């Protein structure tokens, strides 16, 4: 029983030592990262070039805000004209569509009339030829 307790205590001590070492390494890593971030921030604060750059970015963003607002206002002013143009475009398309549909119906009707005009005599000629052929055939069969 004592051996088991000794082994158990040995495992616990190994685990505690391992955890302590891992926590120490994590602490050192975070300390290094924190010091590097602090140095970078200090360089940004001290550097005049960085301040100028940030100032330029701020003025550019202010100009972008102004331009965006102006564009939004102009789009709001133009929107009724665009809507009117869209409605006229839709009306024109509807008119053209109805005219094309009427023209297509007229073309179809005229094509049907032309077909009937050409087909009626053709059917008559074919019927006459068939009748003539049957008469000739019957005469040939009688001989």
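The values are calculated or read from the model by the stated rules, or taken from the named source; none is laboratory data. All of these numbers come straight from a predicted model, not from anything done at the bench. Cβ: placed from backbone, ideal geometry, glycine included. Neighbour counts: every protein chain shown.
What the table below lists for this structure:
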quantity: Lone unmet requirement of (1) over 50 Å from the mean Cα position of the chain (by Cα); (2) at pLDDT below 90 for residue 17; calculated: (2)
quantity: Some residue of the range 54-64 being surrounded by 10 or more Cβ atoms within 10 Å (Cβ to Cβ) and within 27 Å of the chain's Cα centre (by Cα); calculated: yes
